[in-house]
Structures are given as structure tokens and as C-alpha cells.
Amino acid sequence: MATKTRVTRRPHMQSTSHALAMPLLRAVRNDGVVEDISEGDLYRYTRHRWVYNESRRLSERYLKFDLGQLLKAAVAGISSEGARYCVKVLKYKEGLNNKAYLLTMDNGAEVFARLPNPCAGPSFYTTASEVATRKFLHDVLDIPTPRTIAWSADRNNPVGAEYIIEEKAPAKPLGKLWQDWDEWPMKDRFTIIEQIVEIERKLTSTRFAKSGCIYFREDIPNSDALVTNPPLCSSILERFTLGPLVGMDINRGPCEGSQEFVEAMAENETKFIQAHARPRMNYARSLTEPESPDEMLDLLDRYLQLAPAIVPQPSDDTHAPTLWHPDLHLDNVFVDPESKQITCVIDWQSAAVLPFFYQCGIPTMFKHQGPVSEDMTVWPKRPENYHNLEQDEKLMIDKIGPALQLQDDVRTQPTRIVQSVWKDCDVFFLRRALNRIVNRWEDLCPDAGPCPVSFNEQEMALYAHEEENRSYVSEILTLFRKNWRLLPDGSIESARFEEIQNELTQMREAFIGAADNEEDRLLAEKLWPYQDATDNCS
């Protein structure tokens with residue numbers, strides 16, 4: 001049973017002679033080399049650098065905590081196995097949202113400590129939900145997840161930060177085995193794929209009454225027991241509840257249905273803009289006229305008017321609130337190299353129960369990297385042996401097929417953009433998504449009468465002007481992503497930072513130097529994507 005710091009019992013202490021001793025501190029570099037580090041390096045983000053907005057990005061990922069108290073909590077969790085103190089702390093390569101440390105004890109035992117960075121999500125809810133979700137997956141759906149040894153969702157604990165201490169995932173991440181994938185017999189490859197599909201089958205076979213995140217009932221006051229369809233063991237469901245969504249601000253739900261979920265995201269954004277937004281320059285749209293929060297509020301009102309088209313046609317399958325892994329990639333799946341059996345699926349942070357059409361997708365590891373048909377109306381047909389399959393296999397094919405088609409459907413695009421649309425400077429993309437719905441209203445809602453929304457000539461002229469300017473920016477972003485592996489957010493491996501900065505300097509000079517006149521030169525300077533943000537959107 002995992003322990004939480006709010007429990008009143010006193011944790012076991014390291015033995016007196018070792019309580020104040022500093023363990024060996026090391027870190028895994030991007031190239032896999034392990035090196036000694038200082039204690040300060042434990043708290044800093046060191047995996048990447050950013051070519052713009054670096055100070056803000058690093059501050060969002062700086063986490064100072066009491067190392068001694070974290071080690072005491074870890075020792076307390078496995079003291080029954082003979083551990084007395086920690087002898088080594090190994091800082092793993094960081095994700096963007098979490099610090100991860102492998103703690104080695106004096107008896108050789110190893111445990112993982114994960115601490116969310118300030119940017120990971122809302123305090124308390126992010127950690128509390130992840131721990132409860134993993135317990136639900138393991139105990140109810142029989143999906144292998146790391147065993148939680150100790151945890152705290154209260155940053156006012158002695159550690160001074162939220163944390164999860166968990167068992168070290170057995171076997172190896174699939175990413176380390178992927179280099180040998182082509183040499184594996186076809187049977188072994190199918191074994192891995194079949195296990196992933198089976199995990200997804202378990203997830204899709206369990207429907208929930210609402211959209212939200214899973215918590216222990218004791219962590220959400222006055223909460224009701226979890227309700228599933230088909231009904232699961234009531235004594236197990238009594239331990240869990242559906243509570244606030246960690247991926248939403250202000251009104252976090254839970255939401256009763258797909259329509260309420262779709263509308264709640266726009267209503268949250270409306271409240272944020274009314275409280276915090278101020279006029280700002282969007283230079284891709286105009287060099288002189290600011291972008292107004294009132295325009296954004298009008299766009300959100302149109303979003304709500306178009307909600308009947310944004311929510312796909314009613315279907316028990318595609319609308320059903322379903323739990324899903326938020327980022328299933330190679331390093332989140334651990335596999336035994338010998339048996340080829342999946343031993344653990346990690347990183348369920350921010351996993352949520354949402355309408356199936358909203359989050360269903362092909363796992364990153366299985367997405368086809370080559371060319372695909374540009375005709376998005378052509379989708380894979382049922383397999384030739386469909387009629388000979390088991391009933392549960394047929395149901396999975398019939399359920400996932402339509403939901404996957406909705407991934408590229410114009411109806412779902414506004415919902416994926418609207419949250420934080422002002423803060424992320426994505427107003428253009430929301431306007432484009434809504435315009436696509438307006439243009440296809442009769443096809444999407446044939447019985448709903450005339451479309452309630454329109455865009456006038458002036459709006460469309462501004463849109464076309466901005467679209468042209470953004471196409472120049474897109475070409476630059478694509479160039480640096482393909483040739484230098486520089487992501488649009490400006491993150492790059494620390495060792496390549498100087499190289500990329502030199503290339504960017506030369507490209508920026510060429511981009512601005514190609515301008516025909518002073519006005520175009522000013523526009524090029526403002527549109528250059530790799531520069532520190534102000535209150536404006538370039």
C-alpha cells in the first residue's frame with residue numbers, strides 16, 4: 001500500500017551515521033553517458049536549451065526541494081526490505097514536465113522518484129489523479145503499471161514538492177529495443193503489437209458516466225463512487241471517483257456529456273480572456289492595428305453557435321467517455337527482451353476520461369512514417385476475415401474505425417484548438433477551423449437549417465492576408481525542423497545549441513535582407529519566429 005505524507009505516522013529515518021551523508025549524485029546525458037553532477041543540477045532542467053524564451057522555459061522547469069526529506073520518504077517506503085539509506089541518486093533524462101531520479105539504497109534496492117515541474121499541471125490534482133489512475137488501471141483493468149510506494153500531492157509536505165516514489169519498471173523501454181526491430185522475427189513483432197491492441201481493447205471496453213479524471217474518493221470531498229458500463233465490482237469502484245480535469249482551467253468539470261465538454265472549453269477560455277486579455281499586436285495580421293480581446297470573444301461565441309457541428313453525430317461508441325493513455329510512445333512501454341512480453345506501461349500523467357472521438361488515435365510508435373494518401377475519405381476496410389473474428393474483436397474494429405476517422409474530421413478541430421487559444425496565439429487557427437465548418441455546414445448538419453455563423457468580406461480579407469504571412473513563417477519552421485531537428489517551440493539538445501544559434505543568425509539576416517522595402521523589412525523582423533515573446537504575437 002502506497003504511503004502519503006498526509007498520513008500522521010512518522011516515516012522511518014536513515015540510520016544516524018548516514019542521515020546527513022550526501023549520496024553520490026550522477027546524471028544521464030543525452031548521449032547516454034553518465035557523469036557526476038552537483039546538487040544544484042538536480043533541480044535545474046538540463047536536457048534541452050531553447051533558442052527563444054529560454055529564461056521562461058527554464059524557470060517553468062526549475063524545481064527546488066529538500067533532497068534529504070525525499071530520500072527519507074523513499075527509504076521509509078522500502079525499509080521493510082532492508083534499506084537503511086540512499087547511496088546514489090541518478091538523474092534520468094528529463095521529460096518536459098517531470099524530474100525523474102533512480103535512487104539506489106545501501107542494500108542494492110532501486111526505486112524511482114518522479115517530481116512534477118511547475119509547468120506540469122494544476123497542483124495537487126495532477127499528482128493525485130495520476131496515482132489513482134494507475135491504481136485503477138492495475139487493479140481494475142489488469143493493465144501493468146508501476147507500483148506506487150509512496151506519494152504526496154501536497155507541496156507543503158517536508159519534501160517541499162509533490163512527488164511519486166515507485167518501483168523501478170522491470171525490463172527495458174521498447175525504445176532501446178527498437179533499433180533491433182527489423183531483425184526480430186515477424187512473430188515477435190506481432191506479439192508486441194497484439195499486446196498494445198489488447199491494452200487499448202481493455203480501455204475502450206470500459207465506459208464511464210462522465211468526462212473527468214480518476215481520483216481516490218478520499219481526495220475529492222463529497223464525491224460519488226465511480227460508475228462504469230459495463231458495471232464493474234462495486235467494492236472496487238467505491239474507492240474511486242471522477243473529479244476535475246487536469247487539462248482544463250477554471251471550470252474543470254466533470255462534464256456530463258460530449259456537448260457540455262465541448263462548450264466548457266470555450267466557456268473557460270471566455271472567462272480567461274475577460275479577466276486577463278489585453279489588446280496586442282499580431283504582426284502577421286497587421287503592423288498597425290492591434291488584435292482585440294473583443295474579437296476573440298466574438299469568435300468564441302461563434303464556436304458555441306457551431307457546437308452542433310463540432311460534436312460528431314450521436315453514437316454510443318464515439319461519444320462514450322473513455323480512459324486513454326495521453327502519450328503512448330516507445331519509451332513509455334517496457335518489454336522483456338527475451339519473452340517479448342510487456343511488463344509495464346508508464347507515464348499516465350494527465351490521463352483523462354473524455355469522449356472517445358476526442359482522444360482516440362494511433363499510438364505514436366505505430367504511426368506510418370512514409371507517404372500516405374491525400375484522400376482522407378479513404379480509410380482501411382474491415383479485414384477479409386472479419387466475419388471469422390471473435391465478437392470482442394469485431395466490436396473493437398467497429399468502434400475504433402469511426403473514431404480514428406474523426407481525428408482528421410473538420411468537426412473536431414476547433415475543440416482541439418480552443419483551449420488556451422489566446423495565450424498560445426492560436427486565434428488564426430481557430431478562425432480557420434471555424435470557417436471550414438461554416439463552409440461545410442449543410443453536409444455536417446443537414447437537418448439543422450441555415451448556418452448560424454458567417455464571416456464577412458473584411459474578415460475574410462484579413463484572414464487571407466494573415467494566411468499568406470504565416471505561410472512564410474511555416475516555411476522557416478519546416479526548414480529548421482527537417483534540416484536541424486529544431487522543434488517549433490525552439491527546443492534543442494544542449495550540445496547543439498551554439499550550432500543552431502549560428503544557423504538561425506544567418507537565416508534571419510537572409511530573411512530580413514530579402515525584403516523589397518522598409519515596410520517589408522519591418523514585417524520580416526516582426527514575423528521572425530525564433531525571438532523572445534513580448535505581449536504580442538508575431
Considering only region 441-459, I want to know if a residue exists there that is of a type in the set (A, V, I, L, M, F, W, C), under 31 Å from the mean Cα position of the chain (by Cα) and not in a helix (DSSP H, G or I). no
Filter region 237-253 down to the residues that are free of Cβ contacts under 8 Å to residues at least 60 places away in the same chain and buried (at least 20 other Cβ atoms within 10 Å of the Cβ) and list them by number. Thr241, Gly253
Only one of (1) in a helix (DSSP H, G or I); (2) in contact (Cβ under 8 Å) with a residue 40 or more places away in the chain; (3) in contact with a helix residue (DSSP H, G or I) (Cβ under 9 Å, 6 or more places away or on another chain); (4) open to solvent by less than 50 Å² (accessible area, probe 1.4 Å) is not met by Trp181, so which one is it? (2)
With the requirement that a residue be over 28 Å from Tyr530 (Cβ atoms), acidic (Asp, Glu) and outside any strand (DSSP E or B), what does region 22-64 give you? Glu39
Against the condition touching a residue at least 12 places away in the same chain (Cβ under 8 Å), in contact with a helix residue (DSSP H, G or I) (Cβ under 7 Å, 6 or more places away or on another chain) and open to solvent by less than 60 Å² (accessible area, probe 1.4 Å), how does Thr191 come out, does it pass? no
Give Lys202, Lys187, Lys176 a once-over and let me know the one that is closer than 25 Å to Thr127 by Cβ, outside any strand (DSSP E or B) and basic (Lys, Arg). Lys202
Condition met for Pro116 (surrounded by fewer than 20 Cβ atoms within 10 Å (Cβ to Cβ) and closer than 21 Å to Leu58 by Cα): no
Cys425 fails exactly one of the following numbered conditions: (1) surrounded by 15 or more Cβ atoms within 10 Å (Cβ to Cβ); (2) in contact with a helix residue (DSSP H, G or I) (Cβ under 8 Å, 6 or more places away or on another chain). What is the number of that condition? (2)
Under the condition of being within 17 Å of Leu300 (Cα to Cα) and in contact (Cβ under 8 Å) with a residue 40 or more places away in the chain, which residue from region 452-477 is most open to solvent (accessible area, probe 1.4 Å)? Pro452
When both residues are 6+ apart or on different chains and their Cβ atoms are under 7 Å apart, which pairs have a first residue that lies in region 37-53 and is on the phi > 0 side of the Ramachandran plot, and a second that is in a loop (DSSP other than H, G, I, E, B) and open to solvent by less than 20 Å² (accessible area, probe 1.4 Å)? Asn53/Gly490
I'd like to verify a number: residues in region 65-85 that are in a loop (DSSP other than H, G, I, E, B) and either among the β-branched types (Val, Ile, Thr) or under 19 Å from Ala100 (Cβ atoms) (or both), how many? 2
Note: among Arg49, Arg29, just one is modelled with pLDDT under 95 and under 24 Å from Arg496 (Cα atoms), namely Arg29
Which of the residues that make up region 254-275 are part of a helix (DSSP H, G or I), open to solvent by 50 Å² or more (accessible area, probe 1.4 Å) and free of Cβ contacts under 8 Å to residues at least 60 places away in the same chain? Gln259, Glu260, Glu263, Glu267, Lys271, Gln274, Ala275
Does region 498-519 hold any residues that are loosely packed, with under 15 Cβ neighbours inside 10 Å, in contact with a helix residue (DSSP H, G or I) (Cβ under 9 Å, 6 or more places away or on another chain) and either more than 25 Å from His48 (Cα to Cα) or touching a residue at least 24 places away in the same chain (Cβ under 8 Å) (or both), and which are they? Gly513, Ala514, Ala515
Return the residue satisfying two criteria in turn: it lies in region 210-236 and is of a type in the set (A, V, I, L, M) and crowded, with 17+ Cβ neighbours inside 10 Å, and of such residues it is nearest to Thr133 (Cα to Cα). Ile214
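The values are calculated or read from the model by the stated rules, or taken from the named source; none is laboratory data. Bear in mind that the values here come from a model prediction, so they are computed numbers and not experimental data. Cβ coordinates were reconstructed from backbone atoms using ideal geometry, including for glycine residues, and neighbour counts include every protein chain displayed. Protein only, heavy atoms only, side chains kept; ligands, DNA and RNA dropped before computing areas. Shrake-Rupley method; radii C 1.70, N 1.55, O 1.52, S 1.80 Å.
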